[in-house]
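Working notes, beginning with the structure itself.
The values are calculated or read from the model by the stated rules, or taken from the named source; none is laboratory data. As the structure is a prediction and not an experimental result, all values here were calculated from the model. Counting neighbours? That spans all protein chains shown, and the Cβs are built from the backbone with ideal geometry, glycine included.
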């Protein structure tokens, strides 16, 4: 988990909307925003992830024969391709060795290669001395260490394997070690090494329908390509291992790359359900698009290698739940058994917390040695940990110094390309495209709702309020505040044609007191019914999960559900738009025929889409709406959260297309926000 107190996407935030409101009216009694459904979103996602797990388990449990198992392996390989999208064409590696470190029983070559044109990867190649070549090769993938390949754990297994007779290539992950993507003048990360760089680059990529995990995995594929160019390496024995984030990449690469002959992922493999139930956020690259929708789980990426040998390495005290590792192992053991290779799958659980500790490393050595026969060593040899600078492949420890192209440049270029080739859509075609990209579910009838008991003294612009919990999906309610001049404890009034629906930025309860635009609208049209809405995940249903006060943190609760929405192939923006469309159906069922949609900030995005799609909406006012998704995709840094970003949108349309179409509904824009203005 990341420490709290860090701004969204690793950037400093201005004082919160609640703090600002208190500062603006210091004499007002403090009112913490209402939040009566703080576990609603968590329990909804737990149910959805459990359903996805059952879908996968149904398929796995139906396997009875070797042929069934073979067909299953082939099927998961195809599903994995769907998740990771088409891989890029292989371009020249342009490999070079920039230095050599000579040691007693091995040497280390400092290697730079290009996984994509001018996208530099720094790696250390450990080559045993005094051995007869070719020897087994291993690619090492790193976890979230600031120093990447130079971290003690990763040096340790690289040295250990080299001393036993393996040629090892360990490379720096994007955003770590020598591959910082957001360097300042001193070649230090302006964002924060590792997680923060991964999230900032990865969330942005969804807009252009790309996935950071594919980029990360492609580095691993090209690392294997480089390893296999070396005459010292025996292509009959090539393995992969890594820990934590490196365990992630090891797992994904087992599913993507068929050339591996053995694998040992450490401190990652569990189940998606355990991570969801345990409120454990993961990096963008650890959450492949559509994975849950396709019924895939961690075990399936290892199943794609079956019946080749794989050992799952776990730790008893790891936050990656060991119960999930045991469940993954049990599923794979049954699959491997059907394939006649039960001995090729294993589980080792070390006694410690998260990390590639010596017990796990030695389990990996024993596993690889059993397969290759290159050594009979069962314990780790004596090691000598090098200084980071000794292992640098670049003169000053950063590829930016060599003018390596940052990932943001690729994202910007792709967004600009999509803008050039995207066809203009008629209003009808735009509405169809919006509904398709949002993945909106079918709506059948006006939704049912609850009437909540009133809470007085909230300081709203009218004397009284009634709160309705409108059920938009099983387990999900949109929370609606109806403001009235007189007490009203029943269903909404049935004889008012004109209504205003305010869609909140962060909290209807807080914004009803503090947003001046609301008071202006009520004053301008006092006879219209006035409603304010919290869609799922904000205000009355703001999650209290993933730790204390994490909502706006990079690894916080808002991100947690947005990234799971990507895996469920049901975008969070689509879910919130669905909430609004259901609310509009509910308003129509109560007699409203002419609705003015008023929205602010985060709420302006689903409000834009709902207003475009609903014939009930006749007027639209947006305050602090995002100017365009393309601007976010083309900015090096931005502050809009993943929950506001729509995967794949720039292949089909952009927000300005929707704003143009809403001109017929008297769209008014007030104080628009660009990429950096989403507090």
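With respect to residue 180, determine if the residue is surrounded by 24 or more Cβ atoms within 10 Å (Cβ to Cβ) and within 18 Å of residue 402 (Cβ to Cβ). Full working, then the answer.
Working: surrounded by 24 or more Cβ atoms within 10 Å (Cβ to Cβ): yes; within 18 Å of residue 402 (Cβ to Cβ): yes.
Against the criterion (surrounded by 24 or more Cβ atoms within 10 Å (Cβ to Cβ) and within 18 Å of residue 402 (Cβ to Cβ)), residue 180 qualifies.
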Where a residue in segment 215-237 is in the same structural domain as residue 284 (by TED's automatic domain parsing) and its partner, wherever it lies, is at pLDDT below 95 and in a loop (DSSP other than H, G, I, E, B), with Cβ under 8 Å and at least six apart: none
Scan of segment 446-460 for residues that are under 17 Å from residue 501 (Cα atoms) and at pLDDT below 95, ordered by number: 446
Qualifying positions in segment 1-60 - modelled with pLDDT of 80 or more, under 30 Å from residue 514 (Cα atoms) and surrounded by fewer than 15 Cβ atoms within 10 Å (Cβ to Cβ): 32, 38, 39
Hey, among 450, 491, which residue is loosely packed, with under 14 Cβ neighbours inside 10 Å and in a strand (DSSP E or B)? 450
Conditions (1) surrounded by fewer than 23 Cβ atoms within 10 Å (Cβ to Cβ); (2) in a helix (DSSP H, G or I): number failed by residue 236: (2)
Extreme residue, farthest from residue 36 (Cα to Cα), among residues of segment 413-443 that are more than 31 Å from the chain's Cα centre (by Cα) and surrounded by fewer than 11 Cβ atoms within 10 Å (Cβ to Cβ): 426
Tally the residues that are surrounded by fewer than 21 Cβ atoms within 10 Å (Cβ to Cβ) and more than 21 Å from residue 453 (Cα to Cα), restricting the search to segment 494-512. 4
Looking across segment 517-553 at residues that are at positive phi and in contact with a helix residue (DSSP H, G or I) (Cβ under 9 Å, 6 or more places away or on another chain), the single one that is surrounded by the fewest Cβ atoms within 10 Å (Cβ to Cβ) is 547
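Quick check on this structure: which one of 303, 326, 330, 264 is free of Cβ contacts under 8 Å to residues at least 40 places away in the same chain, within 30 Å of residue 67 (Cβ to Cβ) and under 26 Å from the mean Cα position of the chain (by Cα)?
On the way: 303 fails: free of Cβ contacts under 8 Å to residues at least 40 places away in the same chain; 330 fails: under 26 Å from the mean Cα position of the chain (by Cα); 264 fails: free of Cβ contacts under 8 Å to residues at least 40 places away in the same chain.
The conditions single out 326.
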Per the list (1) at pLDDT 95 or above; (2) closer than 30 Å to residue 648 by Cα, residue check on residue 127 breaks on (2)
Filtering segment 249-293 for residues that are in contact with a helix residue (DSSP H, G or I) (Cβ under 6 Å, 6 or more places away or on another chain), assigned to a loop (DSSP other than H, G, I, E, B) and more than 25 Å from residue 344 (Cβ to Cβ) leaves a count of 6
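Condition check ((1) part of a helix (DSSP H, G or I); (2) touching a helix residue (DSSP H, G or I) at 6+ places or on another chain (Cβ under 8 Å); (3) not assigned by TED's automatic domain parsing to the domain that holds residue 469) across all residues:
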| site | (1), (2), (3) |
| --- | --- |
| 582 | yes, no, no |
| 592 | no, no, no |
| 596 | no, yes, no |
| 602 | yes, yes, no |
| 632 | yes, yes, no |
| 646 | no, yes, no |
| 658 | yes, yes, no |
Taking segment 515-530 as the search range and keeping residues that are part of a loop (DSSP other than H, G, I, E, B) and at pLDDT 95 or above, which one is nearest to residue 459 (Cα to Cα)? 515
Quick check on residue 174: is it at pLDDT 95 or above, over 16 Å from residue 392 (Cβ atoms) and outside any loop (DSSP other than H, G, I, E, B)? no
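Being part of a helix (DSSP H, G or I) and either touching a strand residue (DSSP E or B) at 6+ places or on another chain (Cβ under 9 Å) or touching a residue at least 60 places away in the same chain (Cβ under 8 Å) (or both) is true for just one of 586, 640. Which residue is that?
Details: 640 fails: part of a helix (DSSP H, G or I).
Checking each option against the conditions leaves just 586.
With respect to residue 480, determine if the residue is under 40 Å from the mean Cα position of the chain (by Cα) and in a helix (DSSP H, G or I).
Numbers: under 40 Å from the mean Cα position of the chain (by Cα): yes; in a helix (DSSP H, G or I): no.
No: the conditions fail for residue 480.
Which one of 378, 387 is more than 21 Å from residue 254 (Cα to Cα), at pLDDT below 95 and either crowded, with 20+ Cβ neighbours inside 10 Å or more than 28 Å from the chain's Cα centre (by Cα) (or both)?
Numbers: 387 fails: at pLDDT below 95.
Of 378, 387, the one residue that is more than 21 Å from residue 254 (Cα to Cα), at pLDDT below 95 and either crowded, with 20+ Cβ neighbours inside 10 Å or more than 28 Å from the chain's Cα centre (by Cα) (or both) is 378.
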In segment 182-219, anything under 20 Å from residue 151 (Cβ atoms) and in a helix (DSSP H, G or I) is listed as 195, 196, 197, 198, 216, 219
Say whether the condition of being under 11 Å from the mean Cα position of the chain (by Cα), buried (at least 24 other Cβ atoms within 10 Å of the Cβ), modelled with pLDDT under 95 and assigned by TED's automatic domain parsing to the domain that holds residue 437 is met by at least one residue in segment 554-577. yes
